[in-house]
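None of the figures in this text is laboratory data; all of them are computed from the coordinates on show. All values reported here derive from a predicted model rather than from experimental measurement. Using ideal geometry, Cβ is built from the backbone for each residue, glycine included, and neighbour counts are taken over all protein chains shown.
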Amino acid sequence: MLKNNKYVSYLLVLVFVLLLNFWLPRLLPGGPVEYITGGGEEGVVFLTEAQKVAMLEYYHLDQSVGVQFIEYLKGIFTFDFGLSINYKAPVYSIIIERLPWTICIVGISSILSIIIGLLAGLYSAWRYPGKTDRSLFLSMLSLSTIPEFLIGMILLISMSVKLKWFPLSGAQTAFLRSDLWIDHALDIARHAVLPALTLTIGSLAGIYLLMRNEAIRVRNEPYIEFASAKGIGSRGIIFQHIARNAALPLVTMIIIRMGALMAGSILVETVFAYPGVGKLLQEAILARDYPLLHGLFLMMTLFVLFLNLIADILYPYLDPRIRTAVKRGELG
């Protein structure tokens, strides 16, 4: 019964977000036609009255809001939102084309931030209280206050403009003169370094602070003192006892933060002109591209809800105490 209530809450959140998905783009000032004909900040395109009428009719923008909402619901159930207004291509194919680039930098940054954050938090907790712990804590706390777009700008100016170590923008060099796959792979990697590094730095502090606080709590438990009294070495206590027990409550937070990384990629991809889903969302907002916005918001909503669901399912299997409580009906 409690588990069913949890699934109902997910369903209600999904319904609310889908309704918000329909209304938010339409609350933006202007519309697709105004943008194309010069109402936006980009170049001016001249359309005849017949072209305007045909465009409004194709996208049902000449119909009432109720008719537009029905067409929107059809797109949700069929995963077909039609053609993008800006790109004149199916929304599904545009998203699929851009998605691998975002998965690349989000995947790399997730792995790096989790490994570095957990190890740094564990080391800081082991040195608590002391100068090393205070230095790490204050450094990470300061880092958490810096916006990701500012981190990206600093890295871009220092490593691309000044030192010229990495490319300024894009995901790969246009017209790269090489037939070797290794050259293309290295070129893609060089373009992905700064966006991935920006996302890693932006999410590192949160994982570190969670691990540090939980590890300090576990370190004060009686069984840690008992393990030390038995003569178990420092390395064994840290990794076999403190790390194992402190990491369990962090599993759900880490999985949820992966969804936050997807949202954070919007600003990062804009700074580096990286052609991922985040940059695509920014372009769709500027162009008032309703079909593309609907598809992107739906994909991001399903992704975040899926991660939350995985965290809820996985956590009881990692912690027997939670599994026992769920069976007894004490937790939802």
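Sorting the segments 265-274, 165-174, 251-260 by their residues' average number of neighbouring beta-carbon atoms within 10 angstrom, most packed first, yields 265-274, 251-260, 165-174. The charge dipole of region 97-286, taken about the Cα centre with unit charges on the Cβ atoms of Lys, Arg (+1) and Asp, Glu (-1), comes to about 640 debye, rounded to the nearest 20. Cross-linked pairs 52/279; 74/279; 52/74; 88/162: Cα-Cα separations exceed 31 Å for 88/162. The distance from the alpha carbon centre of region 292-314 to that of region 126-154 is 30 Å, rounded to a whole number. With each pseudo-label sitting 7 Å past Cα toward Cβ, what's the residue 52-residue 77 distance in nm, one decimal? Distance between the two pseudo-spin positions: 3.5 nm.
Relative intensity of region 97-286 on a log10 scale, I(q)/I(0) at q = 0.16 Å⁻¹, equals -0.97, per a Debye sum over C-alpha point scatterers of equal strength in the absence of solvent. Charged neighbours of residue 203, selected by a Cβ distance under 13 Å, balance to 0 (K, R count +1; D, E count -1).
Taking the highest mean first, how do the peptides 67-75, 298-306, 204-212, 188-196 order by number of other beta carbon atoms within 10 angstrom per residue?
On the way: 67-75: 14.9, 298-306: 16.8, 204-212: 22.4, 188-196: 20.7.
Answer by packing, highest mean first, reads 204-212, 188-196, 298-306, 67-75.
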